[in-house]
């Protein structure tokens, strides 16, 4: 899997790039500035871009927007040193494939990248808690999973697996408009605004894990 890494902390950049290479990732470029990351994506057309949020001369979310617009094949995973809910919500809103903290183990970062490459959203557990807090979005249900219908739970499980609307239609044997209605109902009931946020809202929810085992 080919990847471009971008972080202004050169020590972390070199260490992370080397560590990812030992995990089987092909690091096409290790960049320290947003403009360099965009140029590297253009030059190498990687599978993934792993980018920090804060830079002296730019913002990782702006890089994510540009790359997702001009190079849609490249999935973007945001790497952050904080669990700031506003940043996480904005990242989810623009549709990044993953959002993970820098202080996580390499295994967790690798898993986030692998899931992102497979089209499966990933949001760090510590950030998930902030996303679900009243301070983050103001409308978090007390028991979000309990409000979902049976079909909505099936759709949510498929979203968690990274299936597209078309794939869900095929798997469930129902119409596109029905699937879209289910997805909108899920977002409304969970008090979120995107598929990534919906997955984040339940991925560490004990009641949701019980539902999936049932």
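FYI, it's all coordinate maths here, none of it is from the lab. From a predicted model like this one, the values you see are computed outputs, not experimental measurements. Heads up, the Cβs are rebuilt from the backbone with ideal geometry, glycines too, and the neighbour counts pull from every protein chain shown.
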_Given a Förster distance of 25 Å, report the FRET efficiency between residue 93 and residue 22 from their Cβ-Cβ distance, rounded to the nearest 0.05._
0.15
*Chain lengthening between residue 54 and residue 171 when straightened (0.36 nm per residue, less Cα-Cα)*: 38.1 nm
*Label point distance in nm, residue 161-residue 33, each placed 7 Å from Cα along Cα→Cβ*: 4.5 nm
*Between residue 105 and residue 188, what length comes free when the chain is fully extended (0.36 nm per residue of separation minus the Cα-Cα distance, one decimal in nm)?*
26.5 nm
*Taking the Cα-to-Cβ direction at residue 11 and at residue 180 and moving 7 Å from each Cα, how far apart do the two end points lie in nm?*
5.2 nm
_Calculated FRET efficiency for the pair residue 149/residue 45, C-beta based, R₀ 41 Å, to 0.05_ = 0.50
*Take the alpha carbon gyration tensor of the range 2-131, find the square roots of its eigenvalues, order them as a ≥ b ≥ c, and report rounded if a/c is under 1.5; if not, report prolate when a/b exceeds b/c, else oblate.*
rounded
